[in-house]
Amino acid sequence: ETGVTQSPTHLIKTRGQQVTLRCSSQSGHNTVSWYQQALGQGPQFIFQYYREEENGRGNFPPRFSGLQFPNYSSELNVNALELDDSALYLCASSWRTEETQYFGPGTRLLVL
Amino acid sequence: RKEVEQDPGPFNVPEGATVAFNCTYSNSASQSFFWYRQDCRKEPKLLMSVYSSGNEDGRFTAQLNRASQYISLLIRDSKLSDSATYLCVVRRDSWGKLQFGAGTQVVVTP
């Protein structure tokens, strides 16, 4: 196992609601990246946090936001949920931004 | 055009046989290359990094062709446990954003 944990494992929300997903990085890792994986697709990069600062962002609207805490755990917040937000949300941690990324088990979000 | 493209498969492979597949990437400035493996409804796991000189890890061999901008993965002596989706991954920037292909499904049959 990678040591990266995510919660919750599954979540069902309705359109327009807000959701917060959590990720605990592997011990010693100071970088967390978030990805969205729709069914049948590869993961798409949402953003990365390095030492509590956003370090890059993919092509996602501002209603996707994040946070990294002093212990390097991280949150992904999605406001005004849309049906297309239904996906597997993966976080990955790494020792530094350019090092190998290790993925957590993901959170499956279903928006009805 | 997608940054990383893969044949989705499935590649149906008899146990013990060899299977190979490629992916292509569009950005010539890409710096790092990887193969990740993803089992059904699980997280991606790093299979191997891909180096310019080509590299091997047991039954798995990866090759990189920068001139033609493609990466290949070859699996020898396929095992039932090799059944999975193989994700081709490219990192363009030094700061770590990974670009994933949609994956190639491999099904190893008895």
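Condition (residue is surrounded by fewer than 20 Cβ atoms within 10 Å (Cβ to Cβ), under 14 Å from the mean Cα position of the chain (by Cα), within 14 Å of chain A (Cβ to nearest Cβ) and polar (S, T, N, Q)) applied to the range B:26-36: is it met by at least one residue? Looking for residues that are surrounded by fewer than 20 Cβ atoms within 10 Å (Cβ to Cβ), under 14 Å from the mean Cα position of the chain (by Cα), within 14 Å of chain A (Cβ to nearest Cβ) and polar (S, T, N, Q), one finds at least one in the range B:26-36, hence yes. Scanning the range B:44-58 for residues that are closer than 30 Å to A:T5 by Cα, of a type outside the set (A, V, I, L, M, F, W, C) and surrounded by 13 or more Cβ atoms within 10 Å (Cβ to Cβ) gives B:P44, B:K45, B:S49.
Scan the strands (runs of 3 or more DSSP E) fully inside the range A:1-51 and keep the ones with 3 or more residues being surrounded by 17 or more Cβ atoms within 10 Å (Cβ to Cβ) and within 12 Å of chain B (Cβ to nearest Cβ). Break it down into steps so the answer makes sense when it comes.
Values: elements: A:5-7, A:10-13, A:19-24, A:31-37, A:44-50.
By residue number, A:31-37, A:44-50.
When the range A:83-103 is filtered for residues that are surrounded by fewer than 15 Cβ atoms within 10 Å (Cβ to Cβ) and aliphatic (A, V, I, L, M), only A:L83 remains.
Sort through A:S93, A:S65 and tell me the only one that's touching a Ser or Thr at 6+ places or on another chain (Cβ under 8 Å), under 19 Å from A:Q6 (Cα atoms) and assigned to a strand (DSSP E or B).
Numbers: A:S65 fails: touching a Ser or Thr at 6+ places or on another chain (Cβ under 8 Å).
A:S93 is the lone residue from the list that is touching a Ser or Thr at 6+ places or on another chain (Cβ under 8 Å), under 19 Å from A:Q6 (Cα atoms) and assigned to a strand (DSSP E or B).
Matching residues to (1) surrounded by 21 or more Cβ atoms within 10 Å (Cβ to Cβ); (2) under 21 Å from A:T2 (Cβ atoms):
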{"site": "B:P10", "(1), (2)": "no, no"}
{"site": "B:C23", "(1), (2)": "yes, no"}
{"site": "B:Q38", "(1), (2)": "yes, yes"}
{"site": "B:S78", "(1), (2)": "yes, no"}
{"site": "B:S81", "(1), (2)": "no, yes"}
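Every residue in the range A:68-79 that is more than 14 Å from A:C91 (Cα to Cα) and either without any contact (Cβ under 8 Å) to a residue 60 or more places away in the chain or facing chain B (nearest Cβ under 10 Å) (or both), please. Hits for the range A:68-79 are A:F69, A:P70, A:N71.
Give the residue, chosen from B:L46, B:L98, B:L73, B:L87, that is touching a Lys or Arg at 6+ places or on another chain (Cβ under 9 Å) and either aromatic (F, W, Y) or at pLDDT 95 or above (or both).
B:L87
With respect to the stated conditions, A:L88 is modelled with pLDDT of 95 or more and within 14 Å of chain B (Cβ to nearest Cβ).
For first residues located in the range A:54-67 and under 23 Å from A:R15 (Cα atoms), partners that are part of a loop (DSSP other than H, G, I, E, B) and lie 6+ apart or on another chain with Cβ distances below 8 Å form the pairs A:G58/B:K97; A:R63/A:N79; A:R63/A:A80; A:S65/A:N79.
The values are calculated or read from the model by the stated rules, or taken from the named source; none is laboratory data. Since we're looking at a predicted model, the values are computed, not measured. A quick note on method: Cβ atoms are made from the backbone with ideal geometry, for glycine too, and the neighbour counts reach across all protein chains shown.
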